[in-house]
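The values are calculated or read from the model by the stated rules, or taken from the named source; none is laboratory data. Since the structure is predicted, the reported quantities are computational estimates derived from the model, not experimental observations. Cβ sites come from the backbone with ideal geometry, for glycine too, and all protein chains shown count toward neighbours.
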């Protein structure tokens, strides 16, 4: 058995997502299972190097998990030949500079989304990585949720027949920060700091639609700021300049129409915080984070509209749960394992920086659509 140690510069691990999902539940979880075993028997051992701005926070994380390597000097970490991969979970506004430095240092790139706050920069990063010949990938975690994996199983099995439409509902009420503390950092609500639900969520919707159904060919969106004033972590009021809700209509190849509502100003009356309903000629499904329920055409009720009488059908009870038929690992960890196999053994990995640029493009065009009040075509991007 051959063991291959791969140094990973992890920038932004003092943040919630970088720490919880990428360090603890992915890289450290892979180490806890003894590394990643490839088909040829090679065991890939990830060796994280923690990078950030706060010495105190980095030292505390390293001591908590028994890690030795941490630094506030990104250039030094990139200069070490033992570090083969650079991972970025920083704020979007500072991501581009660090990614450029890592590409110039010859490191393979794996990064959170959005990859940039403009499609021009996102495409430039994809081109730089291609020209440098480094492997590159973007986190697309929603594809690995149990509910969407079940949905993908239905699509691959031909359950829907011809898919007609997709309807998505995402969101929850984020408290304003006055009488209850907010569940999201205040920068999310300031456009000058890279905030906004369109830039945050539309790159997600792009890869979900593209990978599960078909490429997006047009977008019509309405973005708004429903709550114009919030209270930050220090208790100071601030103007919310970024959109906190967006309502989008997407036309896909093949005539599929998708509608997705995204909101941090909605109270939840659904089973999960995100749900997608897919309707086809042969059946329908509703998929969430973990669960997926279906209704085949042969089991579809035949309601008749009559507002003068109570509902005569228990509609929610007439759907069938899709079984797990297996165990589902953490989606962030699964994608990390795929990227490590891509770097070490040239395993396929389609979620590259160009794919990430297409997600940024959709967000940018959605904001343009909202500003101009019209449908916008989505052209193809090329490196």
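For the range 227-255, the set of residues classified as assigned to a loop (DSSP other than H, G, I, E, B) and on the phi > 0 side of the Ramachandran plot consists of 235 only.
The rows are residues; the columns are (1) under 23 Å from residue 147 (Cβ atoms); (2) in a helix (DSSP H, G or I).
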| residue | (1), (2) |
| --- | --- |
| 302 | no, no |
| 332 | yes, yes |
| 337 | yes, yes |
| 344 | no, yes |
| 361 | no, yes |
| 364 | no, yes |
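For the range 232-247, filtering for residues that are closer than 30 Å to residue 206 by Cα and either out of contact with any strand residue (DSSP E or B) (no Cβ under 7 Å at 6 or more places or on another chain) or not assigned by TED's automatic domain parsing to the domain that holds residue 220 (or both) leaves 2.
Looking only at residues that are over 21 Å from residue 247 (Cβ atoms) and touching a strand residue (DSSP E or B) at 6+ places or on another chain (Cβ under 8 Å) in the range 177-198, which one is surrounded by the fewest Cβ atoms within 10 Å (Cβ to Cβ)?
Just the residues of the range 177-198 that are over 21 Å from residue 247 (Cβ atoms), to begin with: 177-183, 185-187, 190, 192-194.
Still in the running and touching a strand residue (DSSP E or B) at 6+ places or on another chain (Cβ under 8 Å): 177-178, 182, 186, 190.
Numbers: 177: 23, 178: 12, 182: 18, 186: 18, 190: 18.
Checked the range 177-198; the qualifying residue surrounded by the fewest Cβ atoms within 10 Å (Cβ to Cβ) is 178.
Each residue in the range 8-39 was checked for being part of a loop (DSSP other than H, G, I, E, B) and either outside the structural domain of residue 84 (by TED's automatic domain parsing) or at negative phi (or both), and 6 of them qualify.
Is one or more of the residues making up the range 69-81 crowded, with 21+ Cβ neighbours inside 10 Å and more than 24 Å from residue 133 (Cβ to Cβ)? Within the range 69-81 (the criterion being crowded, with 21+ Cβ neighbours inside 10 Å and more than 24 Å from residue 133 (Cβ to Cβ)), the answer is yes, since at least one residue qualifies.
Remark: pairs (first residue in the range 307-336, at pLDDT below 90; second residue in a loop (DSSP other than H, G, I, E, B); Cβ separation under 6 Å; 6+ apart in sequence or on different chains) = 313/301; 313/303. Filtered by the rule that a residue be assigned to a loop (DSSP other than H, G, I, E, B) and in contact with a strand residue (DSSP E or B) (Cβ under 6 Å, 6 or more places away or on another chain), the range 199-226 gives 213, 214, 226.
Kindly state which helices (runs of 4 or more DSSP H) lie completely within the range 56-148 and contain at least 3 residues that are assigned by TED's automatic domain parsing to the domain that holds residue 202.
none
Restricting attention to the range 174-198, the residues that are farther than 18 Å from residue 358 by Cα, out of contact with any helix residue (DSSP H, G or I) (no Cβ under 6 Å at 6 or more places or on another chain) and part of a helix (DSSP H, G or I) total 5. For the range 17-54, a residue qualifies if it is farther than 24 Å from residue 81 by Cα and touching a residue at least 60 places away in the same chain (Cβ under 8 Å), and the qualifying residues are 17, 21, 25, 29, 39, 40. Residues in the range 359-377 that are touching a residue at least 60 places away in the same chain (Cβ under 8 Å) and out of contact with any helix residue (DSSP H, G or I) (no Cβ under 6 Å at 6 or more places or on another chain) were compared, and the one that is surrounded by the most Cβ atoms within 10 Å (Cβ to Cβ) is 365.
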